[in-house]
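Reading through the structure tokens given below for one structure.
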Amino acid sequence: MNGTPFLDTNILIYAVAPEDRRTTTAQDLIEGGGVVSVQVLNEFVSVARRRLRREWPEIEAALGLLRRLLDPPISLTVELHESAIALAREHRLAFYDALIVAAASQANSTVPSFQDMQDGRRIGGLTIRNPFTAT
């Protein structure tokens, strides 16, 4: 495991959220580098359009910046899908959370950052960290 942080969707959203107390932390995490999955990028686009009401050029510019700052995203594959099913079953995770955990594992991340999961929870060889617990 290489210690590359795996960043969840919330981190990307908070980085562009207006007047959110977590924005600076999220921006610092992204600027520090890391990896995401295609699922995280898809969720980012969906939330940016639907909730934040961002226009396409702004979303595309944010995606371009993410591509420059972060490692190549982890692709959605049948193997990743099957791994997520096993994780969801064994650890009682919501499927889409399990898919993110599976991608973090595939990325050899030792520092997966998730807001929506219990800080310090161990799943397989991963320890979940909530970067906003002190924020």
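In the stretch 98-113, the residue that is surrounded by the most Cβ atoms within 10 Å (Cβ to Cβ) out of those that are touching a helix residue (DSSP H, G or I) at 6+ places or on another chain (Cβ under 9 Å) and over 14 Å from L7 (Cβ atoms) is A102.
Kindly indicate whether any position in the stretch 16-35 is over 19 Å from P131 (Cα atoms) and either in contact (Cβ under 8 Å) with a residue 60 or more places away in the chain or among the aliphatic types (A, V, I, L, M) (or both). Before the answer, list the steps.
At the first step, the residues of the stretch 16-35 found to be over 19 Å from P131 (Cα atoms) are none.
The answer is no, given that none of the residues of the stretch 16-35 is over 19 Å from P131 (Cα atoms) and either in contact (Cβ under 8 Å) with a residue 60 or more places away in the chain or among the aliphatic types (A, V, I, L, M) (or both).
For the criterion of being crowded, with 18+ Cβ neighbours inside 10 Å, under 14 Å from N10 (Cα atoms) and of a type in the set (D, E), D116 fails.
Per the listing T23, T127, the residue uniquely at pLDDT 90 or above and either under 14 Å from L7 (Cα atoms) or among the polar types (S, T, N, Q) (or both) is T23.
Residues that are within 18 Å of N10 (Cβ to Cβ) and either in contact (Cβ under 8 Å) with a residue 40 or more places away in the chain or basic (K, R) (or both) within the stretch 79-113 comprise Y96, L99, I100, A103, A104, A107, S109, V111, P112, S113, listed in sequence order. In summary, L93 fulfils each of the numbered conditions (1) part of a loop (DSSP other than H, G, I, E, B); (2) surrounded by 12 or more Cβ atoms within 10 Å (Cβ to Cβ); (3) touching a strand residue (DSSP E or B) at 6+ places or on another chain (Cβ under 7 Å); (4) not basic (K, R) with the single exception of condition (3). In the stretch 45-69, the residues that are within 21 Å of P5 (Cβ to Cβ) never reach a residue that is exposed (fewer than 13 other Cβ atoms within 10 Å of the Cβ) and among the polar types (S, T, N, Q) with C-beta atoms less than 6 angstrom apart, at least six apart or across chains. Among the residues of the stretch 42-75, those that are crowded, with 19+ Cβ neighbours inside 10 Å and closer than 13 Å to N10 by Cα comprise E43, F44, A48. Does A102 satisfy the criteria of being in contact with a Phe, Trp or Tyr (Cβ under 7 Å, 6 or more places away or on another chain), modelled with pLDDT of 90 or more and not in a loop (DSSP other than H, G, I, E, B)? Criteria not met by A102.
When A15 is tested against (1) under 21 Å from L99 (Cα atoms); (2) in contact with a helix residue (DSSP H, G or I) (Cβ under 6 Å, 6 or more places away or on another chain); (3) surrounded by 21 or more Cβ atoms within 10 Å (Cβ to Cβ), just one condition goes unmet, and that condition is (1).
The values are calculated or read from the model by the stated rules, or taken from the named source; none is laboratory data. The model shown is predicted, which means the values in this text are computed figures rather than measured ones. Neighbour counts are summed over all protein chains in view; Cβ atoms, including those assigned to glycine, are modelled from backbone coordinates with ideal geometry.
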